[in-house]
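Chemist: The structure's right below; bear with me while I get my questions together.
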Amino acid sequence: MTQKKDMPVFVAGHRGLVGSAIVRQLKEACYSNIITRTRQELDLLDQKAVNDFFGSQPVEEVYLAAAKVGGIHANNTFPAEFILQNLVIETNIISAAQKAGVKKLLFLGSSCIYPKFAPQPMKEEALLSGTLEPTNEPYAIAKIAGIKLCESFNRQYGTSYRSIMPTNLYGPGDNFHPENSHVIPALLHRFHTAKMNGDKTVTVWGSGKPMREFLHVDDMASASVFVMELDEKTYSEHTLPMLSHINVGTGIDCSIRELAETIANVVGFAGRIEFDTTKPDGTLRKLLDVSRIDAMGWKAKIPLYEGLHSTYQWFLASESNLRS
């Protein structure tokens, strides 16, 4: 099926890590009518404003990349905000899109939807098969609801609302706050600061033993556009009406200790790395089974070291990061 490249495509959350990468990918793929709105122009938490936007603005496809996100510290500190804001954003957009006649939408979820003790690597079928990791359960519940919203709208209204579940993302445009960010930007910032201060040690939360999979955000954006461009027959051959989400990752993981050592090398920090075992580890292993998207014809391309190096160069070029 030939994809129209001049149709109006709305990217919700275009200034975030995920949304900005999707905009870059769409432009690279020659999409010419990309619609974006800043938070000041369109408050996605305001149902009336979202309905008015879709009622007045022609839109044929939606990439739902807007979300409240953060690491373990942020999820533990603001659980009510994480579940409430994410539920409201996805409900507002999915409902308004359907009312406006939008037939195609992509919902961006997270690998945290899977149970804490799900068999590794985690298959799509593991969804709702066990208890979630407590540290990010509210966020995970919101993301599971987003999947089920898409599936329910498809069943009732005949839409083609799709969901992908990326593994841990990193890359340009990330939040590099030392406490409220995910592990890679937090460690890049921490090791950079230690290097600039001449510190002899850097402390990393947890034991360093948990295994994690990391995907460069540009690979995630590539997968997003790939999944949206799949014709309905191909998409349906690899999914089920009530098991429609697709894992997106590299299929390769590493320990947090290995990650910290690699980041120290990328940054040029020559001191000692210590691990604070009083801080939570979270799930001991999180690796996605990516056989479904592999069978569809997509694979990640950016190796971890290469991705970390380019992300650090972006961090250095961003004055706001260096001031924070």
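Chemist: Could you list, in sequence order, all residues of the stretch 1-35 that are part of a loop (DSSP other than H, G, I, E, B), within 23 Å of Leu84 (Cα to Cα) and touching a helix residue (DSSP H, G or I) at 6+ places or on another chain (Cβ under 8 Å)?
Modeler: Passing the criteria: Gly13, His14.
Chemist: Just give me the residues in the stretch 1-13 being under 24 Å from Gly55 (Cβ atoms) and either buried (at least 23 other Cβ atoms within 10 Å of the Cβ) or among the charged types (D, E, K, R) (or both), in sequence order.
Modeler: The answer is Lys4, Asp6, Val9, Phe10, Val11, Ala12, Gly13.
Chemist: Here is a further query. Quick test for you: out of Ser236, Ser181, Ser244, Ser224, pick the one residue that is surrounded by fewer than 15 Cβ atoms within 10 Å (Cβ to Cβ) and within 24 Å of Ala65 (Cα to Cα).
Modeler: Ser236
Chemist: Looking only at the stretch 33-84, filter to residues that are within 21 Å of Lys103 (Cβ to Cβ) and either touching a Lys or Arg at 6+ places or on another chain (Cβ under 6 Å) or of a type in the set (D, E, K, R) (or both); which one of those is surrounded by the fewest Cβ atoms within 10 Å (Cβ to Cβ)?
Modeler: Here the residue is Asp52.
Chemist: Picking from Ile83, Ile94, which residue would you name as being in contact with a Cys (Cβ under 8 Å, 6 or more places away or on another chain) and of a type outside the set (Lys, Arg)?
Modeler: Sole residue among the options that is in contact with a Cys (Cβ under 8 Å, 6 or more places away or on another chain) and of a type outside the set (Lys, Arg): Ile94.
Values quoted throughout were computed directly from the atomic coordinates according to the rules given, and no laboratory measurement underlies them. Just so we're clear, the structure is a prediction, and the values are computed from it rather than from any experiment. Cβ atoms come from the backbone with ideal geometry, glycine included; neighbour counts cover every protein chain shown.
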